[in-house]
């Protein structure tokens with residue numbers, strides 16, 4: 001290749017690379033600016049009396065990061081109240097219980113007002129969590145309730161027989177592989193599983209009764225797995241007020257003596273890297289964690 005043409009190609013590559021870096025820098029600046037604006041602020045950049053907002057979204061598979069966020073807001077004296085913004089059908093039994101206990105600790109031990117605002121769905125484990133708060137708000141059409149426990153999995157024993165495959169299990173006790181998806185449950189295993197579910201159900205009912213200040217048998221009488229709208233849940237004392245998130249904010253601010261429009265604080269978000277900006281969100285191409293519920297035996301406070 002002639003020397004002049006090589007030099008031209010080199011300058012084209014250098015210029016193209018510089019232009020790409022310039023575009024990337026501008027894009028990054030715009031992205032960060034858009035995500036840093038608005039009336040809502042992060043905990044590290046706001047001052048004065050504030051209301052902390054913790055989101056409980058999607059299926060509850062872990063108590064984190066919600067429990068950690070609640071603890072942080074509970075220990076911050078500038079946070080006068082906490083709003084748990086809920087849009088969840090519930091999830092794991094233990095995870096829901098841990099969040100419930102932290103909400104109850106904030107309310108009873110830290111003496112900090114904490115309320116729940118149910119958006120589209122606040123069912124099963126999510127309602128379990130909400131019941132520990134000082135007050136529950138829900139829209140008229142919000143889905144509320146589903147007090148109950150569920151365990152389910154797929155039995156593919158017939159498929160193995162069709163494929164002429166055998167499942168081989170070595171175990172140390174009669175109930176060690178209860179829920180094995182390659183065979184049916186024995187009558188003893190069915191009774192065993194039901195006893196576990198009944199025990200968890202009793203815990204759920206007691207938690208709601210304690211959190212809502214209701215009698216155990218009154219909660220149990222409606223704990224049949226059904227859901228209700230916000231309008232229906234109000235006279236049943238499952239919620240305290242029909243109202244949206246903005247109503248919850250205004251009412252909460254007034255109750256803790258904040259005058260004017262309150263400053264809402266969300267936990268600090270995970271910072272994006274340059275690779276994140278370049279490659280985007282690849283989570284949509286990965287198996288959703290919720291799908292894992294179908295692959296293992298588990299017990300869930302979950303509305304399905």
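Values quoted throughout were computed directly from the atomic coordinates according to the rules given, and no laboratory measurement underlies them. The structure displayed is predicted, hence computed values, not measured ones. All Cβ positions, glycine included, derive from the backbone under ideal geometry; neighbour counts span all protein chains shown.
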Determine the gain in length on full extension of the stretch residue 217-residue 109; use 0.36 nm per residue of separation and subtract their C-alpha separation, reporting nm with one decimal.
36.2 nm
From Cα pairs below 8 angstrom and at least 6 apart in sequence, can you work out the relative contact order of the range 164-245, rounded to a whole percent?
14 percent
Which order do 154, 208, 144 fall in if you start with the one that has the fewest other Cβ atoms within 10 Å?
154, 208, 144
For the residues 198, 55, 139, what sequence is obtained by ranking on other C-beta atoms within 10 Å, fewest first?
198, 55, 139
Percentage relative contact order, the range 80-154, counting C-alpha pairs under 8 Å, at least six apart
35 percent
Pulled fully out, how much extra length does the chain show between residue 57 and residue 154, if you take 0.36 nm times their separation in residues and subtract their Cα-Cα distance?
32.3 nm
Can you bin the range 106-201 into rounded, prolate or oblate? Criterion: square roots of the alpha carbon gyration tensor eigenvalues sorted a ≥ b ≥ c, rounded for a/c under 1.5, prolate for a/b above b/c, oblate for the rest.
prolate
What's the center-to-center distance, using Cα atoms, between the range 75-139 and the range 194-213 in Å?
17 Å
Provide 120, 252 in ascending order of the number of other Cβ atoms located within 10 Å of each residue's Cβ, fewest first.
120, 252
